[in-house]
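Below is one structure, written out as structure tokens; comments come after it.
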Amino acid sequence: EVHLLESGGDLVQPGGFLRLSCSASGFTFSSHAMNWVRQAPGKGLEWVSGISSSDESTYYPDSVKGRFTISRANSKNMLYLQLNNLRAEDTAVYYCAREPYYDTTGVFDYWGLGTLVIVSS
Amino acid sequence: IYMTQSPSSLSASVGDRVTITCRASQFISSSLNWYQQRPGKAPTLLITRSSSLQSGVPSRFSGSGSGTDFFLTISRLQPEDSAVYSCQQSYGTPWTFGQGTKVEI
């Protein structure tokens, strides 16, 4: 059974940083592209980063480019998201989401329960 | 690419047929996916490529459309279908979602 477990969410001050982690199990992690998707309180889902299975390609929307960095450790079945220079509008539940294929195609077939990031002074 | 869903919420009875509309701001072919999000649960993928039902998803769910206009239909609403439904385009990055439609039973 596919299982994704996010961790690392916290209360952080504006301008601060945080590292989110996603532990994967129940599938061959190194064979799947992975993503982070967030949901601000009362808002819709927003894709914030993607990474190919081999870690060769990463993708970001303009809203987080230069501030967020996605990475993975296939030997540990772990996905990460480094969040820098955080803003109040980054407050959200951050979900880890798997893709069915090696490279990112924008289809998210399994999701975790999410971890909450609050940016506030 | 902006995705707009309507309605933002709806209330219906068990056994009703409901349809949610999703409109893309530009042509996206059939690159449209639908997700269900129950309270306190992880989102789940229901439909890919506009009309392909994921394994294990009940057949009362169906999707249709192409180009810019898409539809999610639940043919016979069940109590467990109470959730937020979101469309998402996978035509090009950045991948974008609709704002969600809350279905109440």
**Asked** Taking chain A as a Gaussian network, Cα atoms linked when under 10 Å apart, which of A:Lys43, A:Lys65, A:Lys76 shows the biggest mean-square fluctuation?
**Response** A:Lys43
**Request:** Calculate, in whole percent, how much of the Cα-Cα pair population of the protein assembly as shown lies beyond 29 Å.
**Result:** 25 percent
**Item:** Directionally averaged shadow of chain B, computed from the convex hull of its alpha-carbon atoms, nm²
**Value:** 5.8 nm²
**Complete:** Lys and Arg at +1, Asp and Glu at -1: neighbours of B:Leu77 with Cβ under 9 Å from its Cβ sum to +1
**Asked** About the Cα centre of chain A, what is the dipole size in debye to 20, counting +1 per Lys and Arg Cβ and -1 per Asp and Glu Cβ, all else neutral?
**Response** 260 debye
**Asked** What share of the DSSP beta bridges in chain B is antiparallel, in percent to the nearest 5?
**Response** 90 percent
**Message:** Along the charge dipole of chain A, pointing to its positive end and built from +1/-1 on Cβ of Lys, Arg, Asp and Glu, which listed residue (A:Pro100, A:Asn77, A:Pro14) has its Cα farthest out?
**Reply:** A:Pro14
**Fill in**
A correct fewest-to-most ranking of B:Ser59, B:Ser25 by other Cβ atoms within 10 Å would be B:Ser59, B:Ser25
**Asked** Which order do peptides B:30-37, A:20-27, A:79-86 fall in by mean Cβ count within 10 Å, highest first?
**Response** B:30-37, A:79-86, A:20-27
**Prompt:** lysines within cross-link reach of A:Lys43: Cα-Cα under 26 Å, excluding same-chain residues under 8 positions apart?
**Reply:** A:Lys65, B:Lys41, B:Lys102
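Here, each number is a calculation from the coordinates, and none is a lab measurement. All values derive from a computational prediction rather than experimental measurement. So basically every Cβ, Gly included, is an ideal-geometry build from the backbone, and we count neighbours across all protein chains shown.
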